[in-house]
1. Within region B:42-52, track down each residue that is open to solvent by 80 Å² or more (accessible area, probe 1.4 Å) and either within 11 Å of DNA strand D (Cβ to nearest atom) or part of a loop (DSSP other than H, G, I, E, B) (or both).
2. Return yes when A:Phe66 is within 16 Å of DNA strand D (Cβ to nearest atom), of a type in the set (Phe, Trp, Tyr) and within 14 Å of chain B (Cβ to nearest Cβ) and no when it is not.
3. In region B:82-94, which residues are more than 14 Å from every other protein chain (Cβ to nearest Cβ) and surrounded by 14 or more Cβ atoms within 10 Å (Cβ to Cβ)?
4. Collect the residues in region B:95-144 that are open to solvent by less than 80 Å² (accessible area, probe 1.4 Å), within 30 Å of A:Arg142 (Cα to Cα) and assigned to a helix (DSSP H, G or I), keeping them in residue-number order.
5. Any residue that is aromatic (Phe, Trp, Tyr) and near DNA strand C (Cβ under 10 Å from one of its atoms) - is there at least one of those in region A:22-44?
6. Could you tell me which numbered condition A:Asp79 fails, if it satisfies all but one of (1) away from DNA strand D (no atom under 16 Å from the Cβ); (2) open to solvent by 40 Å² or more (accessible area, probe 1.4 Å)?
7. Can you list residue pairs whose Cβ atoms sit under 6 Å apart, with the first residue in region A:132-143 being more than 7 Å from chain B (Cβ to nearest Cβ) and the second being open to solvent by less than 10 Å² (accessible area, probe 1.4 Å) and not hydroxyl-bearing (Ser, Thr, Tyr)? Count only pairs 6 or more apart in sequence or on different chains.
2 protein chains.
Amino acid sequence: MKRAKKKAFSDFIAQKGLKSTRQRDIILDFFLSSAQHMSLEDLYLKLRAKHPGIGYATVYRTLKLFAESGIAREIQFGDGQTRYEHVTEGEHHDHLVCTRCGAIAEFENETIEKLQDEVAAAYGFLIETHKLELYGLCAKCRSK
Amino acid sequence: MKRAKKKAFSDFIAQKGLKSTRQRDIILDFFLSSAQHMSLEDLYLKLRAKHPGIGYATVYRTLKLFAESGIAREIQFGDGQTRYEHVTEGEHHDHLVCTRCGAIAEFENETIEKLQDEVAAAYGFLIETHKLELYGLCAKCRSK
DNA sequence: GGCAAACTTGAAAGTGATAATCAATTACAA
DNA sequence: TTGTAATTGATTATCACTTTCAAGTTTGCC
C-alpha cells in the first residue's frame with residue numbers, strides 16, 4: 001500500500017524529470033501515515049513539529065505534486081480549506097460530512113454511480129469525475 | 001414566479017427589520033431576470049453597465065441577503081467563484097458541469113435521492129443538504 | 001412635512017488561503 | 001568533481017471575498 005504509492009510517486013518524479021529530495025521523502029512519509037482529509041494547514045503544522053526546517057511553500061508544492069501524480073486528491077467541503085485525500089487505485093468513494101463536528105465518513109454506492117452514468121448518457125455528457133457529498137448530522141451529534 | 005420571489009424577499013426584509021432601498025430593488029430585478037449560476041463578478045459587471053452608481057459591496061451584500069431569504073442559493077463548482085442559483089420552492093436539482101466550456105446543466109433524479117437517504121440511514125446520519133456534481137464534457141464539446 | 005434613530009451605501013482597507021518570485025542551495029548526469 | 005537544472009524557504013503578490021466607516025437614506029412618529 002504505502003510501498004506502492006511511494007513507487008508511484010518516485011516513478012512520477014522520474015518521468016517528469018524532477019528530483020528526489022529529502023523534503024519530498026519526509027513529506028511523503030508523513031502524508032502516507034497521516035489521517036484522511038487533512039488540510040494543508042493541518043499537515044504543515046503537524047509536520048513542522050518533527051521537522052522544523054521544512055517550509056510552508058514546500059509542503060504546499062509537494063502536496064500539489066502528490067495530487068498530480070495520482071497518489072492524492074484535493075477535495076473541498078465548503079469550509080474554505082483544501083483537503084488532501086489518499087487515493088487508492090481503482091477505488092472511489094463519496095462523503096458524509098457532519099456540519100456540527102466536522103467528522104467525515106466515506107461511502108461507496110455502485111447503484112448511485114450507475115444512475116449517474118444514465119443521467120450523463122441522457123444528456124450526451126461524458127463524465128470525467130463526480131462529487132457527491134451529504135451534509136448533515138452524524139450519529140454522534142444527533143444523539144446529543 | 002418573479003412576483004412570488006419579490007414578495008418573499010420583501011417579506012424577509014420586513015420581518016428582519018431591514019429597509020427597502022432603490023439598490024435592492026434594482027439588484028433583485030436584475031437577478032430575477034438573469035441567467036442561472038451567475039457569479040458575483042458576472043452580476044456586478046453586467047449590472048454596472050446599466051447602473052454605474054451601484055457598488056460592488058452592495059451587490060455582494062444583497063446577494064447574501066437573497067441567499068438568506070431563500071430566493072437564491074450559493075454554489076461552488078470548484079473554480080474559485082461563488083455562483084448564485086435561483087431557488088424555486090420545493091425543487092432541488094443537481095448539476096452537470098462541463099470542464100471544457102464551463103456550461104452547466106441541471107438534472108433531477110429521485111432514485112438517486114432515495115439511495116442517498118438509504119446510505120445516510122445506514123450510517124445513522126441525518127441529511128440536511130447534499131451536493132452532487134458530474135464533471136466532464138458536454139455534448140457540444142465532445143463532438144469537437 | 002419635519003426629525004431622530006436605525007439601516008444602507010460606496011469606497012477603501014482588511015482577511016485568509018493560494019500561488020508566484022527569487023536568491024541561495026541541492027541533486028544528479030557526465 | 002563539476003556544470004546546470006531543479007528545489008527550497010522566506011517573502012511577496014494575488015484573488016475573491018468580507019468588513020469598516022463616514023456620509024446618505026428610509027421609516028416611524030409627531
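The values are calculated or read from the model by the stated rules, or taken from the named source; none is laboratory data. Everything quoted here is computed from the prediction, not taken from an experiment. Ideal geometry is used to build each Cβ from the backbone, glycine not excepted, and the neighbour counts take in all protein chains shown. Accessible surface areas use protein heavy atoms only, side chains included; no ligands, DNA or RNA. Shrake-Rupley method; radii C 1.70, N 1.55, O 1.52, S 1.80 Å.
1. Matches in region B:42-52: B:Pro52 only.
2. No; evaluated as a whole, the condition is false for this residue.
3. Of everything in region B:82-94, those that are more than 14 Å from every other protein chain (Cβ to nearest Cβ) and surrounded by 14 or more Cβ atoms within 10 Å (Cβ to Cβ) turn out to be B:Tyr84, B:Glu85, B:His86, B:Val87.
4. Residues satisfying the conditions are B:Thr111, B:Ile112, B:Glu113, B:Leu115, B:Gln116, B:Val119, B:Ala120, B:Ala121.
5. Yes; the residues of region A:22-44 include at least one that is aromatic (Phe, Trp, Tyr) and near DNA strand C (Cβ under 10 Å from one of its atoms).
6. (1)
7. Pairs that qualify, where the first residue is more than 7 Å from chain B (Cβ to nearest Cβ) and the partner is open to solvent by less than 10 Å² (accessible area, probe 1.4 Å) and not hydroxyl-bearing (Ser, Thr, Tyr), are A:Cys141/A:Cys98.
Matching residues to (1) within 14 Å of the chain's Cα centre (by Cα); (2) farther than 27 Å from B:His92 by Cβ:
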residue	(1), (2)
B:Ile13	no, no
B:Ser33	yes, no
B:Leu47	no, yes
B:Thr58	no, yes
